[in-house]
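So the structure is just underneath, and the comments pick up after that.
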Amino acid sequence: MASPKQLLVAGGGIGGLAAALAGARQGWQVQVFERAPAFGEAGAGVQLGPNVVRLLQAWGLGAALQAAAAFPARLRVRDAASGQPLATLDLAAMPARYGAPYATIHRADLLALLQAAVAPLADVALALDRRVQRFADDGRQVRLHTVHGDGRMAEPVAGDALVGADGLWSGVRAQLLDDGPPRLTGHLAYRALLPQAALPAALRSTEVTAWLGPRLHLVGYPVRGGEALNVVAFVHGRPPGGASGATPDALADWDHATNAADLQAGMAGCCAPLQDLVRAVPAWRLWVLADRPPLRAPTQQARGRVALLGDAAHPMRPYLAQGAGMAIEDAEALGRALRQADAAGTAVPALLARYALERWQRNARVQARALRNGRIFHATGPLRWGRNLSLRLLGERLLDMPWLYGPPAR
Ligand SMILES: Cc1cc2nc3c(=O)[nH]c(=O)nc-3n(C[C@H](O)[C@H](O)[C@H](O)COP(=O)(O)OP(=O)(O)OC[C@H]3O[C@@H](n4cnc5c(N)ncnc54)[C@H](O)[C@@H]3O)c2cc1C
């Protein structure tokens, strides 16, 4: 009997754990290398469209998702300056329309749900405190060099395929494509999580609300079955210290209190309920948003025995709320490609190329749409006026996206 194929995964975030699960479901043995000493995600939420929820359900995670997430009935879009309603999207119609609901979930809960799915699998080994340093693909196999948290080099490991799921600042991508760092967008995200019980009734919400204003927007939605409200404000601004201030390590040193004052000042022109919401937040966490231009070819997503997945492949602005969603879609497509592996593993590069071919255009489309949404959400002058008029007139027709939420055409 042929021995199982070996999949190496760099990064144990949402994409890496989803890839591990997808690979193991196809009979591969998987090793995940995560540089952090524990699996964890920052205290913030993610929205998951029905395209993503459908996949999680197919992986048997529907009940766990049901227990951890919230399922808002409506998306409401408002003008941030006037507070006027502009449009709504009936999210409660998603199961009938697309076969799965629209979910909002705490990132830590999504990661925990994926971790709980892979942890009992005998074919998945999770190595924490192991930073991936470099790989060597000799055509027959790929060898991965990793370092322990205390700086000791670990024994290199060999596999049939390597997935770089190591996020925005991916080292696997840097070695594979050598295409420079991600670009700063000039936008900052302030995130907060508020217990709804502690909020005045007027600020609590069971819906997704997007407030669109000149040069900023704010999104709020419930997580944890509605117990908490996730709030994220996107504004224009530069990281202190320039580009070097954008790295996760540099961000840890930021003065968050000063930044919260900056945010409140930046929102001075917004309507009273929005200012009340921003003032109700005791502490914000700050992200400097960086992205890359949309993918231009499948060879940017896989070469030889190495494939990129999630933010390592296609980091995008979070203005379509689909970055984690595309990582999960990538993982599912990767799993289907790996299923075709031959006993000797010689077909693996062709299978990874097939994975890339299936994914790159959809990822590029989502990256491009997210970019465009940012321009529309933050519009000023006549463009803002046109945006508001279009939303009032066309509403749901603009907000619903069958090409994104519907089942893929294969
Ligand atoms: C403000 C904001 C809001 C967002 N909202 C949404 C949303 O509503 N819906 C949505 O779908 N997406 C959203 N996203 C996008 C989403 O967060 C990302 O697309 C998603 O987290 C990417 O997952 P990933 O696993 O590819 O990368 P990451 O989550 O970055 O995971 C990468 C992992 O690799 C590890 N790693 C890095 N380097 C190494 C190394 N050398 N060795 C070992 N491990 C390493 C890291 O520690 C990390 O655990 C949002 C993003 C932002 C910034």
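Being touching a helix residue (DSSP H, G or I) at 6+ places or on another chain (Cβ under 9 Å) and hydrophobic (A, V, I, L, M, F, W, C) is true for just one of 353, 368, 347, 343. Which residue is that?
Working: 368 fails: touching a helix residue (DSSP H, G or I) at 6+ places or on another chain (Cβ under 9 Å); 347 fails: touching a helix residue (DSSP H, G or I) at 6+ places or on another chain (Cβ under 9 Å); 343 fails: touching a helix residue (DSSP H, G or I) at 6+ places or on another chain (Cβ under 9 Å).
Of 353, 368, 347, 343, the one residue that is touching a helix residue (DSSP H, G or I) at 6+ places or on another chain (Cβ under 9 Å) and hydrophobic (A, V, I, L, M, F, W, C) is 353.
All conditions in (1) touching a His at 6+ places or on another chain (Cβ under 9 Å); (2) buried (at least 24 other Cβ atoms within 10 Å of the Cβ); (3) of a type in the set (D, E, K, R) hold for residue 311, with the sole exception of (1). Counting only residues that are under 26 Å from the mean Cα position of the chain (by Cα), surrounded by fewer than 19 Cβ atoms within 10 Å (Cβ to Cβ), small (Gly, Ala, Ser) and at pLDDT 75 or above, segment 250-283 holds 1 of them. Of all residues in segment 336-358, exactly one satisfies the criterion of being small (Gly, Ala, Ser), free of Cβ contacts under 8 Å to residues at least 40 places away in the same chain and either crowded, with 24+ Cβ neighbours inside 10 Å or closer than 24 Å to residue 54 by Cα (or both), namely 337. Within segment 255-314, the set of residues being aromatic (Phe, Trp, Tyr) and not in a loop (DSSP other than H, G, I, E, B) comprises 287 only.
Run down 333, 321 and say which single residue is modelled with pLDDT of 95 or more, surrounded by 21 or more Cβ atoms within 10 Å (Cβ to Cβ) and outside any loop (DSSP other than H, G, I, E, B).
Values: 321 fails: outside any loop (DSSP other than H, G, I, E, B).
Selected residue: 333, the only one of 333, 321 that is modelled with pLDDT of 95 or more, surrounded by 21 or more Cβ atoms within 10 Å (Cβ to Cβ) and outside any loop (DSSP other than H, G, I, E, B).
Identify all residues within segment 105-120 that are surrounded by 16 or more Cβ atoms within 10 Å (Cβ to Cβ) and either within 11 Å of the ligand (Cβ to nearest atom) or not in a helix (DSSP H, G or I) (or both); write none if there are none. 105, 106, 107, 110, 111, 114, listed by residue number.
Just a yes or no: is a residue in segment 101-121 without any contact (Cβ under 8 Å) to a residue 24 or more places away in the chain and either farther than 17 Å from residue 57 by Cα or among the hydroxyl-bearing types (Ser, Thr, Tyr) (or both)? Break it down into steps so the answer makes sense when it comes.
Kept after step one, since they are without any contact (Cβ under 8 Å) to a residue 24 or more places away in the chain, are these residues of segment 101-121: 119-120.
Filter once more, keeping what is either farther than 17 Å from residue 57 by Cα or among the hydroxyl-bearing types (Ser, Thr, Tyr) (or both): 119-120.
Yes, because at least one residue in segment 101-121 is without any contact (Cβ under 8 Å) to a residue 24 or more places away in the chain and either farther than 17 Å from residue 57 by Cα or among the hydroxyl-bearing types (Ser, Thr, Tyr) (or both).
For beta carbons closer than 9 Å, sequence separation of 6+ or different chains, a first residue in segment 390-410 that is under 27 Å from residue 56 (Cβ atoms) and a second that is among the aromatic types (Phe, Trp, Tyr) and part of a helix (DSSP H, G or I), the qualifying pairs are 402/98; 405/98; 406/98; 407/98. Scanning segment 35-52 for residues that are within 11 Å of the ligand (Cβ to nearest atom) and in contact with a strand residue (DSSP E or B) (Cβ under 7 Å, 6 or more places away or on another chain) yields 35, 42, 44, 45, 46, 47, 48. Within segment 78-88, does at least one residue satisfy the condition of being within 16 Å of the ligand (Cβ to nearest atom) and at pLDDT 95 or above? No, segment 78-88 contains no residue that is within 16 Å of the ligand (Cβ to nearest atom) and at pLDDT 95 or above.
The residues of segment 6-24 that are more than 7 Å from the ligand (Cβ to nearest atom) and buried (at least 22 other Cβ atoms within 10 Å of the Cβ), listed by number, are 7, 8, 9, 17, 18, 19, 20, 21, 22, 23.
The values are calculated or read from the model by the stated rules, or taken from the named source; none is laboratory data. Because the structure is a prediction, the values reported are computed rather than measured. Because the Cβ atoms are built from the backbone with ideal geometry, glycine has one as well, and the counts that use them run over all protein chains shown.
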